[in-house]
Amino acid sequence: MADLATGRIVRKNTNTRTFGEEAARLVMFDRAASHLKQKRLADALGIGLRALQYKIAVARGVSDHDLLLAAAALDQLCREIAALGTRLRDAAAVQAVDAQATPTDGGAA
C-alpha cells in the first residue's frame, strides 16, 4: 500500500516479515549452525540433521523458537569456551610458577 503523502510504501500487515528480514534471520541461523556445528544445533532444536539442513536450505522456515534455541546453544558454547580459556590460563600460570621455583645451574647438565 502506498502512502501518497510521504511517497513511501507501507506494509498493511506488520506481523509478517519482509523478504529482507527473513533473509537476515536465516543468515544468523546459518552462522549459529556453523559456530555450533550442525549436529549440536540439531540436538538443541530437538530435530535431526536432515531437518536442520532443510531449514538452512530455506525449504522450511526458521521460527522465533528456533532462533531462541540456537541463541541458548550459542550461550552454552560461550560458557564452555570461557571455561576452557580459564583452564588454559591456570595451566600456564602453574607452569610459570613451577619454572620460577626451580633454580637452574647456569646451564650445566
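Taken together, the values in this text are just the output of simple stated rules run on the coordinates, not laboratory data. Model, not experiment: these values are computed from the prediction. When we count neighbours, we look across all protein chains shown, and the Cβ atoms used for this are built from the backbone with ideal geometry, even at glycine.
Report the FRET efficiency, 1/(1 + (r/R0)^6), for ALA93 and LYS37, where r is their Cβ-Cβ distance and R0 is 30 Å, rounded to 0.05.
0.50
I'd like to know which of LEU84, ILE47, ALA70 lies farthest towards the positive end of the charge dipole of segment 34-86, counting +1 on Cβ of Lys and Arg and -1 on Cβ of Asp and Glu.
So the residue we want is ILE47.
Report ³J(HN,Hα) in whole Hz for each residue of segment 20-31, in order, from the Karplus equation J = 6.51 cos²θ - 1.76 cosθ + 1.60 where θ = phi - 60°; Gly and Pro get x.
Rounded to whole hertz, the list is x, 5, 5, 5, 5, 4, 5, 4, 4, 5, 5, 5.
So, by mean Cβ neighbours within 10 angstrom, what's the order for 88-96, 42-50 with the highest one leading?
42-50, 88-96
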